[in-house]
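Colleague: Before anything else, here's the structure in question.
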Amino acid sequence: MNIVVCPGTFDPVTNGHLDIIYRAAKIADKVIIGVAENSSKKLLFTLEERINFIKSEIDEKDDIMVESFDSLVVKFAGKHKAQTIVRGLRAVTDFEHEFQMAQLNKELAPNIETLFIMAKPEYGYLSSSAVKEIALYGGDVSGLVPEMVRNALLKKTKVFGG
Ligand code: ADP
C-alpha cells in the first residue's frame, strides 16, 4: 500500500495546503495529514483548533486521516508505515529550506522519500502567515481559507481590535 504523510503546522490550514493534500490523495492509497503539536514559530491557533479546521474540510475516511505528532517527521512517517513525505513547493524561496529538510530526512531514514508537489499558480503566494496578517489587519480572506478558518480569524481580529 502506498501510504504518504503530509506534515505541517497548518496554523491555519489554507486552500493551498488543501490543494496539495487532495493532489497527494490522487497518487496515494492513503494520506495521513500530520499536524505538528509544536513549532519554533509562534502559533496563533491551538493544536485542537488546527486539527478541527482540517477536519471541517476533509472527510476522514480510511484513506485520508488527520493525526497530530510531536516527533521527527520521519518517525511519524515510520509509525504509520508511510514510505513518502509529501511537501508543497511554492517559490524558490521555499526551496532551500525544503531541500535541507529532505536531505536531513534522507540521512535519518534512507528508505523514506520526500515528494514535492508544486503549488497551483493561484496559491503560489498563499501562506498561513500571509493569511493571518491579512485577517488581523481587517482584510478579506475568503477564497484563501475554509469558511471555518475565516470565521475563527474574524473572531481573533475582534479580540485584537484589528
Ligand atoms: P511547516 O511549518 O512545516 O512549513 P506549513 O503548515 O507552513 O508547515 O506548510 C506545510 C506544507 O505545505 C509545506 O510543505 C509548505 O511548503 C506547503 N504549503 C504551504 N502553503 C502552500 C501553498 N499555498 N501551496 C502549496 N503548498 C503550500
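Colleague: Within region 10-29, restricting attention to residues that are crowded, with 19+ Cβ neighbours inside 10 Å and not in a helix (DSSP H, G or I), which residue is farthest from the ligand (Cβ to nearest atom)?
Modeller: 28
Colleague: In addition: If you take the residues in region 104-129 that are part of a loop (DSSP other than H, G, I, E, B) and within 9 Å of the ligand (Cβ to nearest atom), which one is most open to solvent (accessible area, probe 1.4 Å)? Break it down stepwise before answering.
Modeller: Taking region 104-129 as the starting set, the residues that turn out to be part of a loop (DSSP other than H, G, I, E, B) are 109-112, 119-120, 124-127.
With the extra rule that they be within 9 Å of the ligand (Cβ to nearest atom), the set shrinks to 119-120, 124-127.
On the way: 119: 30, 120: 78, 124: 31, 125: 147, 126: 10, 127: 25 Å².
The qualifying residue most open to solvent (accessible area, probe 1.4 Å) is 125.
Colleague: Could you grab me the full set of residues in region 30-42 that are open to solvent by less than 50 Å² (accessible area, probe 1.4 Å) and not in a strand (DSSP E or B)?
Modeller: Pass one, region 30-42, residues open to solvent by less than 50 Å² (accessible area, probe 1.4 Å): 30-36, 39.
Correct list: 39 only.
Colleague: Can you tell me how many residues in region 130-151 are open to solvent by 20 Å² or more (accessible area, probe 1.4 Å), outside any loop (DSSP other than H, G, I, E, B) and touching a residue at least 24 places away in the same chain (Cβ under 8 Å)? Give the steps one after another, and end with the answer.
Modeller: Kept after step one, since they are open to solvent by 20 Å² or more (accessible area, probe 1.4 Å), are these residues of region 130-151: 130, 132-134, 136-140, 142-144, 147-148, 150-151.
Narrowing further to those that are outside any loop (DSSP other than H, G, I, E, B): 130, 132-134, 136, 142, 147-148, 150-151.
With the extra rule that they be touching a residue at least 24 places away in the same chain (Cβ under 8 Å), the set shrinks to 132, 136, 147-148.
Adding up the residues that qualify gives 4.
Colleague: How many of the residues making up region 66-75 are crowded, with 17+ Cβ neighbours inside 10 Å and away from the ligand (no atom under 14 Å from the Cβ)? Write out each step before concluding.
Modeller: The first filter runs over region 66-75 and keeps only residues crowded, with 17+ Cβ neighbours inside 10 Å, leaving 66, 69, 73-74.
Of the ones still in play, those that are also away from the ligand (no atom under 14 Å from the Cβ) are none.
So the count comes out to 0.
Colleague: Something else about it: Pick from 59, 63: which is closer than 13 Å to residue 3 by Cα, open to solvent by 40 Å² or more (accessible area, probe 1.4 Å) and among the acidic types (Asp, Glu)?
Modeller: Details: 59 fails: closer than 13 Å to residue 3 by Cα.
From the options 59, 63, the qualifying one is 63.
Colleague: Same structure again: Provide a single number: the residues in region 76-90 that are open to solvent by less than 60 Å² (accessible area, probe 1.4 Å) and assigned to a loop (DSSP other than H, G, I, E, B).
Modeller: Just the residues of region 76-90 that are open to solvent by less than 60 Å² (accessible area, probe 1.4 Å), to begin with: 76-78, 80, 82, 84-86, 88-89.
With assigned to a loop (DSSP other than H, G, I, E, B) added as a condition, the list becomes 80, 82.
Residues that pass the stated criteria total 2.
Yes/no per residue for (1) at pLDDT 95 or above; (2) touching a Phe, Trp or Tyr at 6+ places or on another chain (Cβ under 6 Å); (3) of a type in the set (Ser, Thr, Tyr); (4) under 16 Å from residue 17 (Cα atoms):
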{"residue": "35", "(1), (2), (3), (4)": "yes, yes, no, yes"}
{"residue": "52", "(1), (2), (3), (4)": "yes, no, no, yes"}
{"residue": "62", "(1), (2), (3), (4)": "no, no, no, no"}
{"residue": "65", "(1), (2), (3), (4)": "yes, no, no, yes"}
{"residue": "78", "(1), (2), (3), (4)": "yes, no, no, no"}
{"residue": "82", "(1), (2), (3), (4)": "yes, no, no, no"}
{"residue": "87", "(1), (2), (3), (4)": "yes, yes, no, yes"}
{"residue": "93", "(1), (2), (3), (4)": "no, no, yes, no"}
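Colleague: I need the full set of residues from region 43-75 which are part of a loop (DSSP other than H, G, I, E, B) and touching a residue at least 40 places away in the same chain (Cβ under 8 Å), in order please. Reasoning before the result, please.
Modeller: If we filter region 43-75 for residues that are part of a loop (DSSP other than H, G, I, E, B), which is where we start, we get 43-46, 58-60, 62-63, 70-72.
Hits for region 43-75 are 44, 45, 58.
Colleague: While we're on this one: Counting only residues that are open to solvent by 40 Å² or more (accessible area, probe 1.4 Å) and in contact with a strand residue (DSSP E or B) (Cβ under 9 Å, 6 or more places away or on another chain), which one in region 91-102 is farthest from the ligand (Cβ to nearest atom)? It would help to see each step written out before you state the result.
Modeller: Filtering region 91-102 down to residues open to solvent by 40 Å² or more (accessible area, probe 1.4 Å) leaves 91-93, 95-97, 99-101.
Right, trim to in contact with a strand residue (DSSP E or B) (Cβ under 9 Å, 6 or more places away or on another chain) and you get 95, 101.
Values: 95: 10, 101: 8 Å.
The extreme case among them is 95.
The values are calculated or read from the model by the stated rules, or taken from the named source; none is laboratory data. On a predicted model such as this, the values are computed, not experimentally measured, just so you know. Heads up, the Cβs are rebuilt from the backbone with ideal geometry, glycines too, and the neighbour counts pull from every protein chain shown. The area values use the complete protein model at the heavy-atom level, side chains included, leaving out ligands, DNA and RNA. Shrake-Rupley method; radii C 1.70, N 1.55, O 1.52, S 1.80 Å.
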